[in-house]
Amino acid sequence: MKKHNYSAGPCILPQEVFEKSAQAILNFNDSGLSILEISHRSKDFVAVMDEARALALELLGLQGKGFHALFLHGGASLEFLMVPYNLMKVNGKAAYLDTGTWANSAIKEAKHFGETVVVASSKAENYNHIPTGYTVPSDADYFHCTSNNTIFGTQMKEFPNLEIPMVCDMSSDIFSRSLDFSKFDLIYAGAQKNMGPAGTTLVVVKEEILGKSGRTIPNMLDYVQHIEKESMYNTPAVFPVYASLLTLQWLKNLGGIAAIEKVNEAKANLLYTEIDRNPLFKGTAVAEFRSNMNATFLLNDEALAPTFDKLWKDAGISGLPGHRSVGGYRASMYNAMPLESVQVLVNVMKELEARS
Ligand SMILES: *Cc1c(COP(=O)(O)O)cnc(C)c1O
């Protein structure tokens, strides 16, 4: 039976990426060797890394603008501390927008390095919206925000114009919508939400912001080292980088971010329209900040949960339960999810209404 994977991450990837990755495990580039056993210094793998880095910049429209793309280890969580290590000056401070669990984790790590100023927080409303109207201190070393709040289902639709460097955790909506990415000075994203399997993290950084912290940074945590070594300071996550490249190629062939953005909007519209129309359900995020990637919603009557859960499971849907801090349901509709899968969920919601 066809499965519709709504998991928040690791998550759905294009079927052709699974097929090509499986083939590369058996026989990579007709070499007679598996991608899992070749040297990361081999010509064939260096070409993979180079293309993945170049394609990431190309899709974001950042080629030739002073940015580097890196594929690092440690997930987005390691970037929570690499960012302040590299960018916060000794005795400096950094500004953070608190929009949820992940933003909070980033703030906690930054506190190891200096003062953090939380410019605004939506914590009191259980992060159901993105704060607006805040001011960012102009003497902060950088401003950090989270473009999409995977757990709470909110998404930043606008970003401030700042004189100081802007850093963004785009783990769960990178490559999903058109933005002026040159507004940002550092973007990071764990691969496993919208780009590939777990095990590698994309970091896109503007070179001119680096080397100014006055800190001595261990090599593995130093962006400058990783740029100099072209993302090969140590053995990179060979397979996750390869599978990420395949996903980026898939996206480019579809027409890039502008093309997938239309699909993502259609999926989100279809589901939110049903959440709003169907009297059995309600959304948890304030409408103007709803995420096009992760839609969070509740049943008005919890007693219907066993019936609803059986209906969606029988329809081949998986990964729908919400995060424990919100409850209810969360439908993650990353790039690789087709509109038809969202229609299956909407049909199940209508079916529940018809039976009630
Ligand atoms: C999942 C997620 C993270 C954590 O990513 P890891 O790669 O597991 O460290 C951080 N930020 C956001 C927005 C996420 O969705």
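Restricting to segment 230-276, name every residue that is surrounded by 15 or more Cβ atoms within 10 Å (Cβ to Cβ), among the small types (G, A, S) and either under 15 Å from N194 (Cβ atoms) or not assigned by TED's automatic domain parsing to the domain that holds A54 (or both). Within segment 230-276, A243, S244, G256, A268 qualify. In segment 1-106, counting only helices (runs of 4 or more DSSP H) that sit wholly within it, the ones holding 2 or more residues that are closer than 21 Å to M166 by Cβ, in contact with an Asp or Glu (Cβ under 8 Å, 6 or more places away or on another chain) and in contact (Cβ under 8 Å) with a residue 24 or more places away in the chain span 75-87. Out of G199, G214, one residue alone is outside any strand (DSSP E or B), closer than 30 Å to E16 by Cα and not assigned by TED's automatic domain parsing to the domain that holds S332. It is G199.
Taken over segment 10-36, the criterion of being within 30 Å of A295 (Cβ to Cβ) and either modelled with pLDDT under 95 or more than 16 Å from the ligand (Cβ to nearest atom) (or both) is satisfied by C11, P14, Q15, E16, V17, F18, E19, K20, S21. Residues that are more than 23 Å from the chain's Cα centre (by Cα) and farther than 16 Å from N292 by Cβ: does segment 320-338 have at least one? No, the conditions are met nowhere in segment 320-338. Residue-level check: of (1) of a type outside the set (S, T, N, Q); (2) more than 16 Å from the ligand (Cβ to nearest atom); (3) out of contact with any helix residue (DSSP H, G or I) (no Cβ under 6 Å at 6 or more places or on another chain), L62 misses just (3).
Taken together, the residues in segment 86-108 that are within 16 Å of the ligand (Cβ to nearest atom) and buried (at least 19 other Cβ atoms within 10 Å of the Cβ) amount to 9. Residue count for segment 134-149, restricted to those that are under 20 Å from W102 (Cβ atoms) and in contact with a Lys or Arg (Cβ under 7 Å, 6 or more places away or on another chain): 1. Checking segment 224-244 against the condition returns a match, with at least one residue being free of Cβ contacts under 8 Å to residues at least 12 places away in the same chain and outside any helix (DSSP H, G or I).
Over 30 Å from R290 (Cβ atoms), more than 15 Å from the ligand (Cβ to nearest atom) and loosely packed, with under 15 Cβ neighbours inside 10 Å, is that true of K43? Yes; evaluated as a whole, the condition is true for this residue. Of the residues screened, V204 is one that is of a type in the set (A, V, I, L, M, F, W, C), in a strand (DSSP E or B), more than 14 Å from the ligand (Cβ to nearest atom) and surrounded by fewer than 24 Cβ atoms within 10 Å (Cβ to Cβ).
Within segment 95-126, restricting attention to residues that are over 22 Å from Q155 (Cα atoms) and of a type in the set (A, V, I, L, M, F, W, C), which residue is nearest to the chain's Cα centre (by Cα)? Out of the qualifying residues, it is A110.
The rows are residues; the columns are (1) in contact with a Phe, Trp or Tyr (Cβ under 6 Å, 6 or more places away or on another chain); (2) outside any strand (DSSP E or B); (3) without any contact (Cβ under 8 Å) to a residue 60 or more places away in the chain.
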| residue | (1), (2), (3) |
| --- | --- |
| T307 | no, yes, yes |
| H323 | no, yes, no |
| G327 | no, yes, yes |
| R330 | no, no, no |
| A336 | no, yes, no |
| V346 | no, yes, no |
| K350 | no, yes, no |
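The values are calculated or read from the model by the stated rules, or taken from the named source; none is laboratory data. Since the model is a prediction, treat every value here as computed from it, not as a measurement. Every residue, glycine among them, receives a Cβ derived from its backbone with ideal geometry; neighbour counts consider all protein chains shown.
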